[in-house]
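Q: Submitted below is the structure of interest, expressed as structure tokens.
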Amino acid sequence: MVTAKKRSALQDVVTREYTIHLHKLVHGRSFKKRAPWAVKSVVAFAQKAMGTQDVRLDPKLNQELWSRGIKSVPHRMRLKLERKRNDDEGAKEKLYTYASYVPVTTFKGLQTTVVDAE
């Protein structure tokens, strides 16, 4: 029996850009819950994509989610997810994810890309 070694990719500090399709995530949700649900969906997406439970949203991302009101959430949104080291003393996790908004003119042909560290 072969036992595969698990390499923890979570230790890597990385930045990626994703396009998230919010329209399908809030479909069928009642109007007064759409924007709050979209915020929760972005957090859930970031947790799944980056593998961290601690997700922090940029205030500009929150403003963009709420820019058209509670019931008219943008159909798609481009996100920059950065997995960073947590330097707090009593931190439960070693890493956290910082999600920020990336303005784009069109979503046609965009792929998930790894952004080089600046």
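The values are calculated or read from the model by the stated rules, or taken from the named source; none is laboratory data. Here the structure is a predicted model, which is why all the values come from computation and not from measurement. Positions of Cβ are backbone-derived with ideal geometry, glycine not excepted, and every protein chain shown enters the neighbour counts. The area values use the complete protein model at the heavy-atom level, side chains included, leaving out ligands, DNA and RNA. Shrake-Rupley method; radii C 1.70, N 1.55, O 1.52, S 1.80 Å.
Q: Find me the longest stretch of the chain that has none of the exposed trypsin sites (Lys or Arg not before Pro), where exposed means in a DSSP loop (not H, G, I, E or B) with at most 16 other Cβ atoms within 10 Å.
A: Longest run free of exposed loop sites: 30-67.
Q: Still on this structure, please answer the following. From the phi angles alone, apply the Karplus equation (6.51, -1.76, 1.60; θ = phi - 60°) to segment 85-95 and give each ³J(HN,Hα) in whole Hz, x where the residue is Gly or Pro.
A: 7, 8, 9, 5, 5, x, 6, 6, 10, 7, 10
Q: On to the next question. If amide H atoms are built 1.01 Å from N in the plane of the peptide, which residues on other chains or at least 5 residues away come under 5 Å of the amide H of Thr52?
A: none
Q: Count charges around Gly69 for me, please; just the other residues with Cβ under 13 Å from its Cβ, Lys/Arg as +1, Asp/Glu as -1. Don't skip to the answer; put the middle values down first.
A: Details: positive: Lys32, Lys33, Arg34, Arg68, Lys71; negative: Glu64.
That works out to +4.
Q: Counting other Cβ atoms within 10 Å of each Cβ, which GluC sites (Glu not before Pro) in segment 31-99 have at most 10 and sit in a DSSP loop?
A: For GluC sites (Glu not before Pro) across segment 31-99 that sit outside H, G, I, E and B with at most 10 neighbouring Cβ atoms in 10 Å, the list reads Glu89.
Q: What pairs from Lys24/Lys60; Lys33/Lys60; Lys40/Lys60; Lys32/Lys60; Lys48/Lys80; Lys33/Lys108 go past 18 Å between their alpha carbons?
A: From the list (Lys24/Lys60; Lys33/Lys60; Lys40/Lys60; Lys32/Lys60; Lys48/Lys80; Lys33/Lys108), the Cα-Cα distance tops 18 Å for Lys24/Lys60; Lys33/Lys60; Lys32/Lys60; Lys33/Lys108.
Q: Would you list the P(r) distribution for segment 28-118, with all Cα-Cα distances sorted into 10 Å bins from 0 and each bin expressed as a whole %?
A: P(r) for segment 28-118, in whole percents per bin: 15, 42, 33, 9, 0.
Q: OK, next. Percent of accessible area on the chain owned by carbon and sulfur, 1.4 Å probe?
A: 52 percent
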